[in-house]
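Below is one structure, written out as structure tokens, with a few remarks after it.
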Amino acid sequence: MMAQVTDIVSSVHDSLAASTEPHLQEKQILFTLCKAVETTKPYKPRVTQMVSWCILVLSESSRLVQVGTGEGKSCIVAMFAAYQAMMGKTPDIISSSPVLAERDAKEWFDFYNELNITVDVNIDKSENELKKCYECQVVYGTTVSFAADFLRQRFLRQDVRPNREFQCVIVDEVDSLMLDKGLEVVYLSTEIPLMESLNGILAEIWLIVNQLKRLGTGEILGPIQLFSQVLSEIITENKNIDELSIVQMAVDAGIMPIKSSKQTQENMTNVLKQLDNASVVQMVAFLTMFVKNLPKYFIKLYIERPDGTLQKLEEISPADTNKRQEIYFLLLGNGKCCVMHFEENSVDPSLRKKIKKSYQSESAKEPNKSRIPGLEDIISGKMQTWFGSALQATKLTLGREYVLHGDGVAPVDYRSTGVVQNDMKWGEGLQQFLEMKHQTKLSNMTLITNFMSNVGLFKKYSNQIYGITGTLGDQTELDMLKTLYSGIDTCRIPSCKQRKLYELEGLVIPEEDEWIRNVCNVVKHQVSSTDYRGPRAALVICETINLAKMFHKTLSDKISLGKLKLYVNNNMDNSTITD
């Protein structure tokens, strides 16, 4: 690697040394850029930055450069973008988060202004503001903002970037955007008024899912139902059941008195009513006879102990156990029960039937109400997905995967940057279920009209993809990038100076309370003066917003609030840090 860099540096030196060489213009531009950096920044560009800039400039096609942390990646990006602008191109600079895009555009504004180069950032802007933004020579943003603006221009006919071409892109943190988030897709959705009619279905699903109870041993209890309702569904599915035998079973179980066989039809209706008052003993006796008459079912019965644990009563098994449908009941007495499930996949089929039945009943009441064409097919096809989204909504944690923002719910890019994504919403009903969970304003579901992946966006720049990162990845990942983007090449630049930092070995602490105490003690030691040094700053990076707030609260007892800052609201004004 060192030999490769030495050869490149020698080539750069030879190319720029003599004024008669074709690279005289690049040499003059480099001197101009370095002078602009010195004028607007309190330092001179280092050798690493100048060499990296030369490597990018002299590349015949796409080039990705690895530069160590602290070696001035944002400076290299700004200098190379300025070069592209001075050569008549309109470079797009893509950062890994909107926070970084806004920060870099602001920090390097004076540098670009010194060179008479216009610059802007395409984050959180109206249609008119975006049009002015894309008229600038250099534009900062994220993959989401650039892709979304292209989709708005192309498919929604919004006049946001009418004349800007995909001439050159400079990617900051290549490993994050082209590898870690390489499969990210930006969707544009459209609101349709008739989609409001689906809110009732989602509300019914959320009501049922909210009644599910997960036990410590893993079982999932369905909503409390009348035993007669469950039996009625089974009878409906098995139309060949002899009604007289159902009546006789109820009589034998002591649920209803003996009556004349002429009253069979009337008694069939009464059986279901009488079951609403049946005791646990009567329900067990009835189900035992029921399985004997309908051997396709295998039933396990449980009751709940006073401490909340389950006690198994008995198994009611048919003679032929090869083909059977298993049903698990928690009997509550007074004709009530819960259907038990051992996997989430088995929860929704029976509940879906209930929702569908409820919807069909509502449709019959209002036959003339405007509805989406083919709505029944949409509901049937999406019911399982919606149930999965509702179950997921019960597991997502506020302050981890999402936050409450304004009058709604905003996702958090929890797996990658930790940035709150104000302009994004979950699909497949998850957004609506979270809004119901926190009783915020309910939004309507939308239809996805078009989309673009990160790969699709980068490929629009053809062979003019340039990038800077601290970690390019191993050879397998580099080979994948070269396969995706033809003509792309890579280069690793060694650090200009020896690193002065050192890493301590990690500690594995099994107890959470002890782990918290250890972290807080280390922070307190770092920010306090010692015999050989003064107080130092300490940065505590937490996995979630909730964890950051917890550490802030714990450290407030050890460190004065004037010296303690909490930074979590990265979707708002980033020029201030919340105390």
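The values are calculated or read from the model by the stated rules, or taken from the named source; none is laboratory data. Computed from a predicted structure; not experimentally measured. As a convention, Cβ positions derive from the backbone with ideal geometry for all residues, glycine included, and neighbour counts pool all protein chains shown. Each accessible area value is taken on the protein alone, full model and side chains, heavy atoms only, with ligands, DNA and RNA left out. Shrake-Rupley method; radii C 1.70, N 1.55, O 1.52, S 1.80 Å.
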Per-residue ³J(HN,Hα) for region 419-424, Karplus 6.51 cos²θ - 1.76 cosθ + 1.60, θ = phi - 60°, Hz, x for Gly and Pro: 7, 6, 9, 5, 8, 10
Magnitude of the charge dipole, region 490-569, Cβ model with Lys/Arg +1 and Asp/Glu -1, debye to 20: 640
With the contact rule set at Cα under 8 Å and sequence spacing of 6 or more, what percent relative contact order holds for region 120-177? 34
Just read off the accessible area of V508 with the full protein assembly in place, 1.4 Å probe, to the nearest 10 Å². 140
Tell me, what is the FRET efficiency for N113 and F166 to the nearest 0.05, using R0 = 22 angstrom and their Cβ-Cβ distance as r? 0.30
Total charge dipole magnitude, region 407-502, about the Cα centre, Cβ charges on Lys, Arg, Asp, Glu only, Debye to nearest 20: 400
Just check region 420-504 against the gyration tensor rule for me: Cα atoms, a ≥ b ≥ c as the square roots of the eigenvalues, rounded for a/c under 1.5, and otherwise prolate or oblate depending on whether a/b exceeds b/c. oblate
Efficiency of FRET between L215 and K89 - r from beta-carbon atoms, R0 51 angstrom, step 0.05: 0.20
Each residue of region 100-114 in turn: what ³J(HN,Hα) in whole Hz from Karplus with 6.51, -1.76, 1.60 and θ = phi - 60°, glycine and Pro shown as x? 5, 4, 5, 4, 5, 4, 6, 5, 9, 4, 5, 4, 5, 5, 4
Simple SL model, points at 7 angstrom along Cα→Cβ for V280 and D557; separation in nm is 4.5
With a 1.4 Å probe and all protein chains left in place, how much accessible area per residue does region 422-579 have, in Å²? 67
If you take the square roots of the eigenvalues of the alpha-carbon gyration tensor of region 59-185 and sort them as a ≥ b ≥ c, do you get rounded (a/c under 1.5), prolate (a/b over b/c) or oblate? oblate
Assuming R0 = 30 Å, what is the FRET efficiency of D489 and T69, from their Cβ-Cβ distance, to the nearest 0.05? 0.85
Gyration tensor (alpha-carbon) shape descriptor, region 435-579, a/c threshold 1.5: oblate
Mind checking the full-extension length gain between Y414 and I509? Use 0.36 nm per residue of separation minus the Cα-Cα distance, one decimal, nm. 31.8 nm
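Expressed as a whole percentage, what fraction of the accessible surface of region 29-147 belongs to carbon and sulfur atoms when a 1.4 Å probe is rolled over the protein heavy atoms?
49
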Placing each pseudo-label 7 Å from Cα in the direction of the beta carbon, Q475 and T288 end up separated by a distance in nanometres of 7.2
For the pair E543 and N334, how long in nm is the line joining their label points, each one 7 Å along Cα→Cβ? 4.3
Residue order for R157, R533, R492 - accessible surface, 1.4 angstrom probe, largest first: R157, R492, R533
